[in-house]
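S.K.: Before we start, here is the structure in question, set down as structure tokens.
Nothing in this text is a laboratory measurement; each read-out follows from the coordinates by a stated rule. Fair warning: this is a prediction, and the values are worked out from it, not measured in the lab. Cβ coordinates were reconstructed from backbone atoms using ideal geometry, including for glycine residues, and neighbour counts include every protein chain displayed.
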Protein chains: 2
Amino acid sequence: MSLASEPSAGAAGLNESQREAVLAAFAGVLDASGIIGGGSPDAARYLHDWTGDYGGAALAVLRPATVEQVQAVVRLCGEHGVAIVPQGGNTGLVAGAISDGARPAVIVSLERLNRIRRIDAANFTLQADAGVVLQTLKDAAEAENMLFPLALGAQGSCQIGGNVATNAGGINVLRYGMTRDLVLGLEVVLPDGSLWQGMTGLRKDNRGYNLKQLLIGSEGTLGVITGVEVKLFPRPANIETAYLGARSFAEAMALFGLARRVCSDLLTAFEVIGGECIPLAVLSNPATRVPLADEWPVHIVMELACSAAIDGRALLETLLAEAFEAGLLGDGAIAQSRAQAQAFWAIREDLVEGQARRGMHVRTDLSVRLSDVPRLIDQARAYVAADWPGWLPIAYGHAGDGNIHFNVMPPLGLAPERIREEGRRLLQGLYAVARDLGGSFSAEHGVGRSRRDVFLAGLAPNQRAAVRALKAAFDPQGIMNPGCLVPPVTNLDQ
Amino acid sequence: MSLASEPSAGAAGLNESQREAVLAAFAGVLDASGIIGGGSPDAARYLHDWTGDYGGAALAVLRPATVEQVQAVVRLCGEHGVAIVPQGGNTGLVAGAISDGARPAVIVSLERLNRIRRIDAANFTLQADAGVVLQTLKDAAEAENMLFPLALGAQGSCQIGGNVATNAGGINVLRYGMTRDLVLGLEVVLPDGSLWQGMTGLRKDNRGYNLKQLLIGSEGTLGVITGVEVKLFPRPANIETAYLGARSFAEAMALFGLARRVCSDLLTAFEVIGGECIPLAVLSNPATRVPLADEWPVHIVMELACSAAIDGRALLETLLAEAFEAGLLGDGAIAQSRAQAQAFWAIREDLVEGQARRGMHVRTDLSVRLSDVPRLIDQARAYVAADWPGWLPIAYGHAGDGNIHFNVMPPLGLAPERIREEGRRLLQGLYAVARDLGGSFSAEHGVGRSRRDVFLAGLAPNQRAAVRALKAAFDPQGIMNPGCLVPPVTNLDQ
């Protein structure tokens, strides 16, 4: 199924009078600014993902301003057989929050549900509406001298509800976990319009099946998240950053093991950058200066955060001394100022920007055991070298989590349609490398629509049956984000 | 329903020839030492829980020695309509691993599935069969200079599979999380006998619905766990322990907030002990000496663990100095030796032993927000004082997790049947106090059979429907641990 199909009317299967009846029903529960017609120019930014590669059409974009309005909208959709695509900041990478226009659907944007509800400082928690922008939530925590550690490139526009629906990762997973690990409470409108009230701030709660964990990461296919209560942490007083050069990924991973030990798991980030990525950082920012004396096959950006009562600098120095002693490190620098730390991080950020600037490319989000990270990169490089002459692989990512973005740049000048077609085949080979190592094709980006086929193909029959049974148990009508994660079902299919 | 009913033949609903046919079928897939007849004296220890309060009868106790044998047993049970009660170390507190004898059932003990499968040191993980005793697993990690942090009173006999099935907690949750947070991979025999293969060592894996998290804590009602892969941590080089006196639980919780900050979340335990518990420690161990100069309403045992590169002692001293300065602390001592640290911990352990020695009592496992811990204790004490004259409340527990064991001793000399009957009513009042604070009646012990009624009563209609739908989706025949968590269903009910 092509997801990049031309927008239809977004009301496939509805005749004009049905369409009008549905819109009138929405108008009965939402104010004027709560409804944007699917054909309006204002709707455009909700109808395609940020890459522009995926999108379609919808009957309307609905912007409920209260939880009750979300419930009313979901009930109306159930009555009229209209599909619901929940949408946060629309920053996802797997086409999970768009409508493909194949059936009557509405986008339900959570952006007007955007209040911080409560900070409970003594409980180290914060309650928020689902539509609160991640950065806003982080700022609210910081204002209380607390930290909400989720940190992603999109944090200025993604929303906490979307982070929870997709179980977002990012650069601080190492220390603080995925979004899944940060959520204590959840409030969700189920496909029947009822409110699932799990808005608890409890750290320990063993009351039966953990529905919360099932809903987290379910990508809007089981319900619409309307509120969350997240864990906060003491805001670190000291942050120390190092930029290191290593001879190989194997050496980098051995260094990581040592770093966990020496630093008592106070590391907040351990990012690797293949030396081949540096020209991309330079492409994005010609002023890039790598703080290493020589060229190294692998660069590492490492960060440690601690309280004022711990000497973080001394800790990093101890680590580097032990690493040099053990022959695990080529060269390295500890940032002497916040500005220098930012310059270290800029290399990691600029290479991503540089990739986009160079043009279309094959992107992955693979994960393997930490012990298999060097093998993953070796095997993926060997595969590209053997089967895809002229294509340029680059490897970087969250090595401390076993999560590598192994991306591949097409030969310069290759026509876009050939990049797309060949890239799809190349991608399958990379997925196979990860799969054969017992790895995952999706460490943190999810499944959505663009990876649904590889997801389903990788499931054993009893796993596939469990996925279907869960979807059917929660959403028997198949109206929640149809086509995302599981193939769409319609009433007629049942 | 009384669970403490007399043992029946354990084959209710089967006639003699059916019973023989079933046992013959089991004999076809298990060796002789894999089957213990339900009437044999050897079966007794599997048929009742360790309190002796709960138990019943079973057709047989089955002891499969391989995963394939577990699958074969589960398939046979499905064919013959025999219920399966998975059992680990049988150390649970909520009657989750016993058969009530109301229908034909077998206990499936995992004790012969007891191999450590693999330690992947570079991945900081360990793979084990479900029947490995927790202490054995901890020892195996320690032999590699690693730590498996789950720590419970029953660790010498409970099994890792049971820990996962019940999402066990314990004293180190503060730093390392519940069992749920420690499990990367899971291998489960589903009720149809198929093997659900989720034995991954991945730290990040966003492939669809998180079935692993649904299975964790499902108390054997959705399948039989046969293998797990758990996270390991660097083994701390320094462990520092303090014993403190505080004027109130409010002060203790404020101290906890300060401790998180000052110690950079390196705390591994923050246990509170109401001053009223000390006589129970003395009852168990007359040599008990509290390391505080005066009597204090609240005692705290706090522990911090770190690498050799961090001065843990200095960190604790900084914390105590800041706490005294802020008026948050009455008195305190830092252990000067491992022996002294053990003496501090002995007080916490002995009070539990002393409770048992004093005799039957009402036990709880409540959790609330950290900010509500003082309120919980105040309100529960007020309730007991007002409504239960002569009963003696004691409060202790994992305050850093908001988890308080608020227990109540009956007046001395009260007849056992009156303790049981009045205790049941008293308990409802304690549950109500926690519930009204948005808390949980089960922080870490689970639901099992003994708390099923309060569990179901606390669910909203859509939550109850979701619980039923999940159970039905995985176990349509209702053969997995019937009566645990959800009311039993039989084929006839459907």
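S.K.: Determine the shielding of peptide A:366-378 by partner chains: average, over its residues, the number of Cβ atoms on other chains within 10 angstrom of each Cβ.
M.R.: Across the residues of A:366-378, the mean count of other-chain Cβ atoms within 10 Å is 4.
S.K.: Whole-Hz ³J(HN,Hα) for each residue in segment A:192-200, computed from phi via Karplus 6.51 cos²θ - 1.76 cosθ + 1.60 with θ = phi - 60°, x for glycine and proline: what do you get?
M.R.: Once θ is set to phi - 60°, the couplings for segment A:192-200 become 8, x, 6, 9, 8, 9, x, 7, 10 Hz.
S.K.: Turning to a different aspect of this structure: What's the magnitude of the charge dipole for segment B:197-295 around its Cα centre, counting Lys and Arg as +1 and Asp and Glu as -1 at the beta-carbon? Answer in Debye, nearest 20.
M.R.: Computed charge dipole of segment B:197-295: roughly 580 debye.
S.K.: Quick one: what are the phi-derived ³J(HN,Hα) couplings along segment B:333-343, Karplus 6.51/-1.76/1.60 with θ = phi - 60°, whole Hz, x for glycine and proline?
M.R.: So the Karplus estimates, Gly and Pro as x, are 9, 9, 4, 9, 7, 4, 4, 5, 4, 5, 5 Hz.
S.K.: Here's a follow-up. When you count, for each residue, the other Cβ atoms within 10 Å and take the mean per peptide, how do B:263-276, A:403-416 rank with the highest first?
M.R.: B:263-276, A:403-416
S.K.: If you rotate chain B onto chain A, whose Cβ in B ends up lying nearest the axis, and how many Å away is it?
M.R.: Closest Cβ on chain B to the axis mapping it onto A, in Å: B:Gln213, 2.
S.K.: Relative to the longest principal axis of the C-alpha atoms of chain B, give the angle of the C-alpha long axis of helix B:312-325, reported between 0 and 90° and rounded to the nearest 10°.
M.R.: So the helix axis and the longest Cα principal axis differ by about 60 degrees.
S.K.: Which distances in nm, rounded to one decimal and ordered from shortest, link the label point of B:Arg313 to the equivalent label points in the other identical copies, with labels set 7 Å from Cα toward Cβ?
M.R.: Between copies, matching label points for B:Arg313 lie 2.5 nm apart.
S.K.: Ignore the peptide's own chain and count Cβ atoms of other chains within 10 Å of each Cβ in A:107-114; give me the average, rounded.
M.R.: The mean count of partner-chain Cβ atoms within 10 Å per residue comes to 0.
S.K.: Sort shortest first the distances from A:Pro487 to its counterpart in every other copy, using label points 7 Å along the Cα-to-beta-carbon line, and give them in nm.
M.R.: Those separations, rounded to one decimal, come out as 3.8 nm.
S.K.: Given +1 on the Cβ of Lys and Arg, -1 on the Cβ of Asp and Glu, and no further charges, what dipole in debye does segment A:272-319 carry about its Cα centre, rounded to the nearest 20?
M.R.: 140 debye
S.K.: I would also like to ask the following. Might you report the magnitude of the Cβ-based charge dipole of segment A:238-358 about its Cα centre, with Lys and Arg at +1 and Asp and Glu at -1, to the nearest 20 debye?
M.R.: My answer is approximately 240 debye.
S.K.: Please name whichever of A:Ala343, A:Ala168, A:Leu280 sits farthest to the positive end of the charge dipole of chain A, dipole taken about the Cα centre and charges placed at Cβ: Lys and Arg +1, Asp and Glu -1.
M.R.: Selected residue: A:Ala168.
S.K.: Follow-up. Report the label-to-label distance for B:Asn462 and A:Glu349 in nanometres (one decimal), using points 7 Å from each Cα along the Cα→Cβ vector.
M.R.: 3.9 nm
S.K.: Which cross-chain or sequence-distant (5 or more) residues have an amide H under 5 Å from the amide H of A:Gly438, H modelled 1.01 Å from N in plane?
M.R.: Those qualifying (amide H under 5 Å, at least 5 residues apart or on another chain) number zero.
S.K.: Would you mind getting me the FRET efficiency between A:Arg363 and A:Asp139? Use the beta-carbon distance for r and R0 = 30 Å, nearest 0.05. Could the numbers behind the result be given before it?
M.R.: Values: r = 30 Å, r/R0 = 0.98.
According to the calculation, E is roughly 0.50.
S.K.: Which percent, to the nearest 5, of DSSP beta bridges fully inside segment A:61-133 are antiparallel? Don't jump to the answer; show the numbers that get you there.
M.R.: Numbers: 4 of 11 bridges.
Beta bridges within segment A:61-133, antiparallel portion: roughly 35 percent.
S.K.: Spelling out what I want: for every residue of segment A:22-34, take phi, set θ = phi - 60°, compute 6.51 cos²θ - 1.76 cosθ + 1.60 (Karplus), and round to whole Hz; glycine and proline get x.
M.R.: 5, 5, 5, 5, 4, 5, x, 10, 10, 6, 4, 6, x
S.K.: Skipping prolines and chain starts, which residues have an amide H placed within reach, meaning under 5 Å, of the one on A:Ala269, given they are 5 or more residues away or on another chain?
M.R.: A:Glu303
S.K.: I'd like the distance separating the alpha-carbon centroids of segment A:312-346 and segment B:461-480, in whole Å.
M.R.: Distance between centres, Cα-based: 53 Å.
S.K.: Counting only other chains, and only Cβ atoms inside 10 Å, what mean value do you get across the residues of A:463-471?
M.R.: Working: counts 9, 0, 5, 10, 4, 1, 6, 8, 3.
Per-residue shielding by partner chains comes out at 5.
S.K.: Before rounding to the nearest 500, sum -39500 (n - 2.57) across all DSSP H runs of length at least 4 in chain A and divide by the residue total; then give [θ] at 222 nm in deg cm²/dmol.
M.R.: On the way: 16 runs with 174 residues, N = 494.
-10500 deg cm²/dmol, from helical runs alone.
S.K.: Right, another one. Students often get this wrong, so check it: of A:Lys471/B:Lys138; A:Lys212/B:Lys204; A:Lys138/A:Lys212; A:Lys212/B:Lys231; B:Lys138/B:Lys212, which have C-alpha atoms separated by over 29 Å?
M.R.: A:Lys471/B:Lys138
S.K.: Right, another one. Go through A:153-164, B:230-241, B:154-165 and give me the packing order, highest mean Cβ count within 10 Å leading.
M.R.: Highest to lowest by the protection proxy: B:154-165, A:153-164, B:230-241.
S.K.: Another question about this same structure. Output the peptides B:419-429, B:342-352 sorted from most to least packed, where packing is the average of other Cβ atoms within 10 Å over each peptide's residues.
M.R.: Per-residue mean Cβ counts within 10 Å order the peptides as B:342-352, B:419-429.
S.K.: Taking the label point 7 Å from Cα in the Cβ direction, how far apart in nm is A:Arg424 from each other copy of itself, listed shortest first?
M.R.: Listed shortest first, these distances are 6.5 nm.
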